[in-house]
Every structure is written in C-alpha cells, then in structure tokens.
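Written out below as structure tokens is the structure these notes cover.
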Amino acid sequence: MVRFFNVDSLSKKYAYQSHYNFSENRVVDGRELEGLEAKLINENTIEWRVKVDNKLGYDYSKTLLKDAADILSQNGMKYNIINDPEAKFTLELSRPTMRIDPVTKEPVVTNGYTMNDGNTYDGKAVSKDNPRTLAHELGHKASLPHIFDEKSKLTNTEENKNNLMNSGDNNKKELRSSNGTELVPAQTNDMKSHIQKVYENKTKEKEIESKNNIPNDIN
C-alpha cells in the first residue's frame, strides 16, 4: 500500500491525470519516468483495457478476454485484455448477423467488425462470443489488414492460410479460413508499434488540452 501525503507539485501541468498519481496509475507494470510519465517495466507486455457492452442477451464466456489475449500473445509479446467499466475503448459483444450478397446471392455471415481507424485508445470493436473472432477484430484495430488485402505484408498463399488475419472472405476460395490463429513476427511488431504510438499521441493531446484549459494564476 502507498499513501500520498501531499498533492503532486506538477499536478497543474498534468491535470488530465489525478492529483495523486504515481506512474500514471500503472503501479503494477510501470514506473515513473523522471517523476513524470509512466515507463512500462516490460516493453513486451500490453495491457488493453476494454469496456464490455454485452448485447448478446446472455452472459458471455468468462474466459473470452483471456483466451483472446492468449491468441494475440505470440512472438515474445504478452497481452492482457481487461474488462474495465471506466475504460475508453468499447468492446461490443453481439450475435452474428447474416445478409445476402447482392452479387453472388449467397448468404454472408458477419461475426464481428471494426472501423479501420486504428483507434486502440477510445475506439470500438464488435465481436461475437468467440476468442478467435475477438482477437481478429482487435488485430484489425491495431493496424493489421487481412492477408488478402493489398496493404498486407504477407502473401495470400497456402503458408499463411492459418494466419489470424485470414477470413472466409478471402478472394481465393481455396484459401478461405476463419479458424487460423497464427501471427508472424512482423504482424506482432506492427501491432505493438501502433498501439504504443496511439497511446503516446492521445497522451500528448490530453496534455495540450489540459494546458489550454488551465486558468492563469491570480495573484
């Protein structure tokens, strides 16, 4: 336990944080950087806090978040996905939806989706109660495209059929799969870099906003 005996002397400068704040309130996996911002103790661990919005109509699996985090935890990276009612990132859990493809006239099932805005800080992802689907959508949120997308660094070939970022929408029918969970090191590194960059940018934005909202001291 830690007790604060006085208000942080720099609290006005960092008003977007609490007045009584150590390591940006990350006392488990962070330390204070020169008494200011948090510095993660383990650079290969990412804590992704989500506010679960359950629209399934029933309780979701108790191990959903852990199982999805385990899928993302590859190539030396460790993910912890934590349900936090105060989190800014929203995870909507809903049942799959079906529509008819206007071209093929075949039914198409959507198990999850997300806006491709790369906002891993206060964005939103939608997924069914399935760890692979959830990991897939969070991968998209953290900048990973489908393996059959033009922006993909991977080739859309048999060797990548079991990749997490493959899906049943693959333009090569023989390579369609929604079961794979593999990630190559390049994908892991891209996710890590993207998440850290978004966090740093959002933190800077909050600091600037906070400074602009602080009234001048009246003597």
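The values are calculated or read from the model by the stated rules, or taken from the named source; none is laboratory data. Nothing here was measured: the structure is a model prediction, and the numbers come from that model. Cβ atoms come from the backbone with ideal geometry, glycine included; neighbour counts cover every protein chain shown.
Answer yes or no as to whether GLY139 is under 16 Å from the mean Cα position of the chain (by Cα), closer than 23 Å to MET77 by Cα and surrounded by fewer than 18 Cβ atoms within 10 Å (Cβ to Cβ). Reasoning before the result, please.
Values: under 16 Å from the mean Cα position of the chain (by Cα): yes; closer than 23 Å to MET77 by Cα: yes; surrounded by fewer than 18 Cβ atoms within 10 Å (Cβ to Cβ): no.
Here the answer is no, as GLY139 does not meet what is asked.
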Given the conditions (1) in contact (Cβ under 8 Å) with a residue 40 or more places away in the chain; (2) crowded, with 18+ Cβ neighbours inside 10 Å; (3) not in a helix (DSSP H, G or I), which single one is not true for LEU154? (1)
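Here's a check for you: in segment 109-120, which residue that is assigned to a loop (DSSP other than H, G, I, E, B) and buried (at least 16 other Cβ atoms within 10 Å of the Cβ) is nearest to the chain's Cα centre (by Cα)?
Applying the first criterion (assigned to a loop (DSSP other than H, G, I, E, B)) to segment 109-120 yields 111, 115-120.
Imposing the further condition that a residue be buried (at least 16 other Cβ atoms within 10 Å of the Cβ) reduces the set to 111, 118-120.
Numbers: ASN111: 18, GLY118: 9, ASN119: 8, THR120: 5 Å.
So, considering only residues that are assigned to a loop (DSSP other than H, G, I, E, B) and buried (at least 16 other Cβ atoms within 10 Å of the Cβ), the one nearest to the chain's Cα centre (by Cα) is THR120.
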Can you work out which of the residues in segment 55-73 that are part of a helix (DSSP H, G or I) and either charged (D, E, K, R) or in the same structural domain as LEU164 (by TED's automatic domain parsing) (or both) is farthest from LEU91 (Cα to Cα)? ASP70
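Just to check your reading of the model, which residue among LYS161, LYS202 is of a type in the set (Lys, Arg) and at pLDDT below 95?
Of LYS161, LYS202, the one residue that is of a type in the set (Lys, Arg) and at pLDDT below 95 is LYS202.
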Looking only at segment 87-107, and only at residues there that are in contact (Cβ under 8 Å) with a residue 24 or more places away in the chain and hydrophobic (A, V, I, L, M, F, W, C), the one that is surrounded by the fewest Cβ atoms within 10 Å (Cβ to Cβ): ALA87
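If I ask for residues that are among the charged types (D, E, K, R) and within 15 Å of LYS128 (Cα to Cα), which ones from segment 67-91 would you list? Before the answer, list the steps.
From segment 67-91, those among the charged types (D, E, K, R) are 67, 70, 78, 84, 86, 88; that's our starting set.
Matches in segment 67-91: ASP67 only.
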Determine whether LEU134 is surrounded by 14 or more Cβ atoms within 10 Å (Cβ to Cβ), in contact with a helix residue (DSSP H, G or I) (Cβ under 6 Å, 6 or more places away or on another chain), assigned to a loop (DSSP other than H, G, I, E, B) and among the hydrophobic types (A, V, I, L, M, F, W, C). no
